[in-house]
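The next block holds one structure in the form of structure tokens; read it before the comments.
The values are calculated or read from the model by the stated rules, or taken from the named source; none is laboratory data. All figures in this text were calculated on a predicted structure; none of them were measured in a lab. Note that each Cβ is placed from the backbone with ideal geometry, even for glycine, and that neighbours are counted across all protein chains shown. Surface areas here come from the heavy atoms of the whole protein model, side chains and all, with no ligands, DNA or RNA. Shrake-Rupley method; radii C 1.70, N 1.55, O 1.52, S 1.80 Å.
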Amino acid sequence: KPADISTYATHFGLTQTTLQNILVDGANGSAGTGEIEVALDIELMMALAPNASKILVYEGVNSDAGVIDLYAKIASDNLAKQVGTSWGSPEMGATASFLNSESAAFMQMAAQGQSIYAAAGDSGAYDNQSTLSVDDPSSQPFVTSAGGTTLSINSDGTYKSESSWGIKAKTQADSQGGGGGISSYWPIPTWQVGIANSSNKGSQTMRMVPDISANANPNTGYAIVVDGAFTVVGGTSCVNQSSGARNIFNDVADSSTNLFYPAVSGYDLSTGVGSIEMQALFPALVNPLLPPIIPGGLAVTPHFAVLTLTWTPAVDAQSYSIYRALSPGGTFTAIASGITSTKFLDTSLKNGLSYYYYIVATDASGASGQTPVVSG
């Protein structure tokens with residue numbers, strides 16, 4: 001309802017941003033039973049981008065074909081560079097044809113420089129409300145998956161801490177939490193290789209979600225206008241509107257869970273790489289510095305109690321860090337950093353054992369993703 005959007009803007013002193021409905025497959029543009037999701041998305045976008053001249057509202061019909069056609073339309077129009085979707089359904093309930101058709105649109109968006117963010121779901125690690133499962137399109141490899149946290153603040157309103165959002169109820173269907181887990185369909189993307197370990201319960205072979213997270217617990221949620229009145233809204237739908245493009249995050253590592261996966265140091269399947277640090281993120285987006293690309297060609301050559309690692313240089317890299325573990329799913333520890341060559345000798349090793357490695361390139365703007373794990 002346009003009046004809800006106008007009331008929100010007036011209350012917070014925001015510009016009355018132009019809304020343009022783009023109707024797909026005969027959608028009529030009228031508010032439906034899910035209007036709160038749409039109002040939520042539009043209002044948070046207005047709050048985060050107060051100088052935006054226009055917000056495009058793509059509306060389709062609620063069917064498999066409607067979903068595919070809507071995403072294809074966003075991709076073919078190539079007008080919106082930041083795309084948020086709060087709609088989804090359990091990945092394991094979708095057909096391969098449906099998932100692949102979605103992926104084709106998301107791949108086109110990525111190639112065109114369109115970023116799409118999707119809510120990871122509000123049922124914790126049990127997206128289908130009964131078994132460990134994840135949400136589509138959040139689990140798509142060309143989509144940034146947005147999970148949820150519970151926010152705590154100090155008495156003066158400043159940031160204090162965050163935990164995983166996970167509220168256990170008498171039944172799984174009534175439980176709440178930030179979506180996250182392991183895809184049953186998509187193989188692991190190159191930029192997630194090497195981040196799974198026994199602590200985060202991740203996968204060495206399949207796509208993991210979420211990628212990032214932010215406050216989503218309804219008890220610490222967001223003020224939204226719907227049907228002419230303010231209400232407090234939570235859920236990972238809120239998070240995908242505020243996602244960004246730099247590794248500037250609060251790492252949530254207090255062992256809290258999204259009903260299954262614990263929040264641990266580094267990446268986890270409850271909060272991703274962490275919650276977004278907005279005050280640091282937005283200035284970085286104005287003057288972005290991109291981290292180096294992932295190094296290639298990592299190889300290991302064995303000698304007596306010594307392993308030699310070699311790799312090809314990464315563009316813009318200033319130095320490299322070496323990580324090692326005793327098993328492919330074990331805990332990787334940094335054994336060297338500040339390496340400026342593309343060769344490293346790991347000495348004082350025990351003959352007869354296997355060692356597993358990955359490397360990361362760094363420059364002034366941050367670190368690259370991890371190389372695939374190799375062993376020797």
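Quick check for me: using +1 on Lys/Arg Cβ and -1 on Asp/Glu Cβ, what's the dipole size of the stretch 23-130 about its Cα centre, in debye to the nearest 20? Walk me through the intermediate numbers first.
Working: 3 positive and 13 negative charges, 78 e Å.
Magnitude of the dipole: close to 380 debye.
For the chain, take the longest principal axis of its alpha carbons; what is the angle in degrees between that and the long axis of helix 2-12, to the nearest 10 within 0 to 90?
Approximately 70 degrees, to the nearest ten.
Please report, in debye to the nearest 20, how large the charge dipole of the chain is about its Cα centre when each Lys and Arg carries +1 at its beta carbon and each Asp and Glu carries -1 there. Let's see the in-between values first.
Values: 13 positive and 28 negative charges, 224 e Å.
My answer is approximately 1080 debye.
Could you sort 113-126, 18-31, 37-50 so that the peptide with the highest average Cβ count within 10 Å comes first and the rest follow in order?
Details: 113-126: 24.9, 18-31: 12.7, 37-50: 19.4.
Packing proxy ranking, top to bottom: 113-126, 37-50, 18-31.
What does the net charge come to around A216 if you take all other residues with beta carbon closer than 11 Å to its beta carbon, with K and R at +1 and D and E at -1?
So the surrounding residues net to -2.
Quote the relative contact order of the chain in percent (integer), defining contacts as alpha-carbon pairs under 8 Å separated by 6+ residues. Intermediate results must be reported in sequence, preceding the final value.
Values: 915 pairs, mean separation 51.4, N = 376.
That works out to 14 percent.
Could you derive backbone 3J(HN,Hα) for the stretch 363-376 from the dihedral phi with the Karplus parameters 6.51, -1.76 and 1.60 (θ = phi - 60°), listing whole Hz in sequence and x where the residue is Gly or Pro?
Karplus-based 3J(HN,Hα) across the stretch 363-376 equals 9, 5, 8, x, 10, 7, x, 8, 6, x, 6, 10, 9, x Hz.
Given the C-alpha centroids of the stretch 79-150 and the stretch 304-376, what is the distance between them in whole angstrom?
Each part's Cα centre sits 32 Å from the other's.
Ordering Y185, Y267, Y356 by how much accessible area each has at a 1.4 Å probe, largest first, what is the list? Working shown, then result.
Values: Y185 80, Y267 25, Y356 50 Å².
The most accessible residue leads, giving Y185, Y356, Y267.
Count neighbours as other Cβ atoms within 10 Å of each site's Cβ, and list the trypsin sites (Lys or Arg not before Pro) in the stretch 108-209 that are DSSP loop with at most 15 such neighbours. The partial results should precede the final answer.
Working: sites: K160, K168, K170, K201, R207; in loops: K168, K170, K201.
When the trypsin sites (Lys or Arg not before Pro) of the stretch 108-209 are filtered for loop state and at most 15 Cβ neighbours within 10 Å, K168, K170 remain.
What figure, in Å² to the nearest 10, do you get for the accessible area of I188 with a 1.4 Å probe and non-protein molecules left out?
40
Select from V233, V67, V315 the residue whose mean-square fluctuation is largest in a Gaussian network model of the chain (Cα-Cα springs shorter than 10 Å).
V315
Of Q318, Q176, Y222, which is farthest towards the positive pole of the chain's charge dipole, taken about the Cα centre with +1 and -1 on the beta-carbons of Lys, Arg and Asp, Glu respectively?
The listed residue farthest towards the positive side: Q318.
Counting only heavy atoms of the protein chains, get the accessible area per residue of the stretch 247-376 (1.4 Å probe) and round it to a whole Å² value.
On the way: 6340 Å² over 130 residues.
Accessible area per residue: 49 Å².
Grab every C-alpha pair in the chain, bin the distances at 10 angstrom width from 0 up to the longest one, and report whole percents.
Here the calculated profile for the chain is 5, 22, 31, 25, 12, 4, 1, 0.
Counting Lys +1, Arg +1, Asp -1, Glu -1, what net charge surrounds T150 among other residues with beta carbon under 12 Å of its beta carbon? Please report the intermediate quantities before stating the final value.
Details: positive: K160; negative: E162, D254.
Result for the neighbourhood of T150: -1.
Using the per-residue mean of other Cβ atoms lying within 10 Å as a proxy for protection, in what order, highest first, do the peptides 320-327, 296-303 fall?
Values: 320-327: 18.6, 296-303: 13.4.
Order by mean packing, descending: 320-327, 296-303.
In percent, what relative contact order does the stretch 1-117 have, based on Cα pairs under 8 Å that are 6 or more apart in sequence?
Numbers: 120 pairs, mean separation 30.6, N = 117.
This gives 26 percent for the stretch 1-117.
Quick query: amide H of R207 versus all other amide H atoms, modeled in the peptide plane; which residues come in under 5 Å with a sequence gap of 5 or more or a different chain?
Distant-sequence amide H within range of R207: S183, W186, I188.
Quick one: Karplus J couplings for the stretch 44-53, per residue in order, coefficients 6.51, -1.76, 1.60, θ = phi - 60°, nearest Hz, x for Gly and Pro?
Here the 3J(HN,Hα) series is 5, 4, 4, 5, 7, 10, x, 9, 4, 7 Hz.
Where nothing but the Cβ of Lys and Arg (+1) and of Asp and Glu (-1) is charged, how large is the charge dipole of the stretch 133-239 around its Cα centre, in debye to the nearest 20?
320
Quick check on the chain: helices-only [θ] at 222 nm, where DSSP H runs of length 4 and up contribute -39,500 (n - 2.57) each and the sum goes over total residues. Nearest 500, please. Don't skip to the end; give the middle numbers.
Values: 5 runs with 65 residues, N = 376.
It comes out at -5500 deg cm²/dmol, rounded to the nearest 500.
How long, wide and thick is the stretch 45-119, going by the Cα atoms along their three principal axes, in whole angstroms, largest first?
40, 23, 18
Please list T17, T331 in order of solvent-accessible area, largest first, computed with a 1.4 Å probe with all protein chains present.
Working: T17 15, T331 85 Å².
Correct descending sequence by accessible area is T331, T17.
What lysines could a cross-link reach from K201, if we take a straight Cα to Cα line under 23 Å and drop same-chain neighbours fewer than 8 places away?
K168
So if I take the alpha carbon set of the stretch 70-177, get Rg, then get Rh from the Kirkwood formula, what is the Rg over Rh ratio?
Details: Rg = 16.5 Å, Rh = 15.4 Å.
Dividing the radius of gyration by the Kirkwood radius yields 1.07.
Can you tell which of M92, S341, A125 lies farthest toward the positive end of the dipole of the chain, using +1 and -1 charges on the Cβ of basic and acidic side chains (Lys, Arg; Asp, Glu)?
About the Cα centre, the residue reaching furthest to the positive side is S341.
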